[in-house]
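In what follows, a single structure is set out as structure tokens and then discussed.
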2 protein chains.
Amino acid sequence: MSRRQAYFDLLGDLEQATGKETESLFGRIQEFFGVRHQSYMNISLAAGRQKALDMLHTFPEDLVQHYTDNDLHLVDPIAQAALTGITPVDWQAYINNKNAQKLFATASSFGVSTTGMTIPLLCRGNQAAHFAIDVGVAVSEWPQYRREHIGEIQILATYLHAARQEMAQDLPEADLTAREAEVLKWTAAGKSYWEISMILGISERTVRFFMTNARKKLGVVTNSQAVAQAVLRGMIPL
Amino acid sequence: MSRRQAYFDLLGDLEQATGKETESLFGRIQEFFGVRHQSYMNISLAAGRQKALDMLHTFPEDLVQHYTDNDLHLVDPIAQAALTGITPVDWQAYINNKNAQKLFATASSFGVSTTGMTIPLLCRGNQAAHFAIDVGVAVSEWPQYRREHIGEIQILATYLHAARQEMAQDLPEADLTAREAEVLKWTAAGKSYWEISMILGISERTVRFFMTNARKKLGVVTNSQAVAQAVLRGMIPL
DNA sequence: TGTGGTACTGTCACTACCGACAGTATTTAC
DNA sequence: GTAAATACTGTCGGTAGTGACAGTACCACA
């Protein structure tokens, strides 16, 4: 099988995949690129703290343990850049950064290189995610490797991320019907029942009906509370 | 100059570019792909409405006028998918969608095809952005084109987006007082004015006073809308 | 000494919401 | 084929929210 073929196969499988199936696909991504290590992480930013919601990785356990135990993500300039920035973060760009050097030194003793990158991923709601790969090629070869593969990596990471979404539920899913979600959306946008009935071309009574169902499903008593929950759970296409 | 070379040149220039320089680069992206039309859009989700913060496009002016005048983005399932989803949206996937068909019909009369895609872009805060291209190849050739170029497109769009960030200033900060935030929090928790007055040991009238101030500061009209904004902006201590 | 911001309270009138009682039509799943 | 889920509508009566008219007291800053 050609490399190109393998890529499209992987992409197709990622597009279909849900939940736990993604774990084997995560392995296939690593095989495909033949990199040393990689990680996928989804973080909740709710309530002002950074809480890991979902994580897949092939880095050495001891290193990850050390990293999490010491909250190094707060010191790691690469992690912070990935959480606040938009474009892929090249590890090599931090080779002269004091904090990064310390982390590189530690990582190096676990067999992690300095030729890698961390790709920020699109999230809705109060979440952030990124995909990191430790390629481990020679520094001289890195710029070319990066250019050649960054497109493939970003696309695969995006689809892995999409497939992995359900594993990163901050709160349990309340499955609203399309109509219930729609009505809730307009309520969150400040529309009254009557206005929503005009927008959707249905009776005001029906709008109330959908909202009542939405409140019941969300286990709340007021529309405001329903909106709060829906926004928190990222169910509102605002 | 080889295609590959042109791509890397463009990518490099996008990485360096800021502000208005991006306009010519936008043109170069279109030349590079040789597509019919393309658009870049950055949208504010503040105050519950979708407000365009920044836009670059090469679609026919009349079509865009028609689209914006009629708030078609609220009906457009592709736009909504791009604003709520995380993976690229293939226009062809909506070829049987009623709402999309109407839009395709209108767009078609302006020379816009159905072979295109809209790529959601990563934003921080309550913003959303997407990059759309109308490729205009035969439907039979589209899947292959899509596969071949989606990586390049996504990367270029990401870097364009990053360079374009400064053009999309948002959010006059709404700083609520401690009391306003507190009352808003309890409203989000489903409490009525009377209940909140009991909780805080103040009169119901005063609770109303704080909520009214909060609504004004957030620029919204209903409590539900205020809660949506507050949660979205992370102003609610959950 | 004033000016502006915050914290608080009162009343009136109107509108919006919400629960509880209904009901019908259509689609999906066993 | 029927049960369940979805999409939709009607009416009554009570409670909650909303805007507009007020007002007082305290504190910080110029």
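The values are calculated or read from the model by the stated rules, or taken from the named source; none is laboratory data. These figures come from a predicted structure and were not determined experimentally. Note: ideal-geometry Cβ built from the backbone for every residue, glycine included; neighbour counts use all protein chains shown. Heads up: the accessible areas ignore ligands, DNA and RNA and are worked out on the full protein's heavy atoms, side chains in. Shrake-Rupley method; radii C 1.70, N 1.55, O 1.52, S 1.80 Å.
Couple of notes before you dig in:
- For B:HIS37, the residues whose modelled amide H falls within less than 5 Å of its own, excluding neighbours fewer than 5 places apart on the same chain, are B:ASP134.
- Helix B:142-164 axis, angle to chain B major axis (alpha carbon atoms, nearest 10°): 50
- Accessible-area value, B:GLU204, 1.4 Å probe, nucleic acids and ligands omitted, Å²: 80
- Compactness of segment A:111-159, expressed as Rg and Dmax over alpha-carbon positions, Å: 12.3, 39
- Candidate lysines - alpha carbon under 16 Å from B:LYS217, same-chain residues fewer than 8 apart omitted: B:LYS185
- When B:GLU23, A:GLU152, A:GLU61 are compared by accessible area of protein heavy atoms, the largest-first order is A:GLU61, B:GLU23, A:GLU152, using a 1.4 Å probe.
- Three semi-axes of the equivalent ellipsoid, chain A, Cα gyration tensor, whole Å, largest first: 41, 20, 15
- Legend: mean number of C-beta atoms from other chains within 10 angstrom of residue C-beta atoms, peptide A:78-90, equals 2.
- Computed over segment A:178-232, the percent of Cα pairs more than 17 Å apart is 23.
- Computed about the Cα centre, the dipole magnitude for chain B is approximately 860 debye when only Lys and Arg (+1) and Asp and Glu (-1) carry charge, each at its Cβ.
- Gyration tensor (alpha-carbon) shape descriptor, segment A:1-41, a/c threshold 1.5: oblate
- Over the residues of chain B, the helix contribution to mean residue ellipticity at 222 nm works out to -16000 deg cm²/dmol, using -39500 (n - 2.57) for each DSSP H run of at least 4.
- The angle between the Cα long axis of helix A:178-188 and the longest principal axis of the Cα atoms of chain A comes to about 90 degrees, rounded to the nearest 10.
- Protein-protein interface of segment A:121-145, residues with accessible area decrease of at least 20 Å², isolated chain reference, 1.4 Å probe: A:LEU122, A:ARG124, A:ASN126
- Under 5 Å between amide hydrogens, built in the peptide plane, is the criterion, and for B:HIS57 it picks out B:TYR40 among residues at least 5 positions away or on other chains.
- Estimated FRET transfer efficiency when R0 is 45 angstrom, pair B:SER203-B:HIS57 (beta carbons, to 0.05): 0.25
- Accessible carbon and sulfur surface of segment A:3-168 relative to its total accessible area, %, 1.4 Å: 49
- Pairwise inverse Cα distances across segment B:134-195, averaged and inverted, put the Kirkwood hydrodynamic radius at 16.8 Å.
- Cα gyration tensor, segment B:131-238 - rounded (a/c under 1.5), prolate or oblate: prolate
- Pair A:TRP194, A:PHE8: separation of 7 Å Cα→Cβ label points (nm): 5.7
- Cα-based helix-to-principal-axis angle, A:223-232 vs chain A, degrees rounded to 10: 10
- Shape category assigned to the protein assembly as shown from the gyration tensor of Cα positions, a/c cut at 1.5: oblate
- Charge dipole of the protein assembly as shown about the Cα centre (unit charges at C-beta), most positive-ward option of A:GLN144, B:GLN30, A:ALA52: A:ALA52
- Choice from B:ALA82, B:ALA162, B:ALA228 with maximal GNM fluctuation in chain B (Cα, 10 Å cutoff): B:ALA228
- Those aspartates and glutamates that a straight Cα-Cα span of less than 12 Å connects to B:LYS102, excepting residues fewer than 8 apart in one chain: B:ASP76
- Straight Cα distances below 22 angstrom link B:LYS20 to the lysines B:LYS51, with same-chain residues fewer than 8 positions distant left out.
- Highest-fluctuation residue, A:VAL139, A:VAL35, A:VAL221 considered, GNM on chain A with Cα pairs under 10 Å: A:VAL221
- The mean count of C-beta atoms from other chains within 10 Å of the C-beta of residues in B:153-159, rounded to a whole number, is 4.
- Amide H within-cut-off set for A:GLN127, under 5 Å, with H built and near neighbours excluded: A:LEU45
- Per residue, chain B exposes 45 Å² of solvent-accessible protein surface, assessed with a 1.4 angstrom probe and all protein chains in place.
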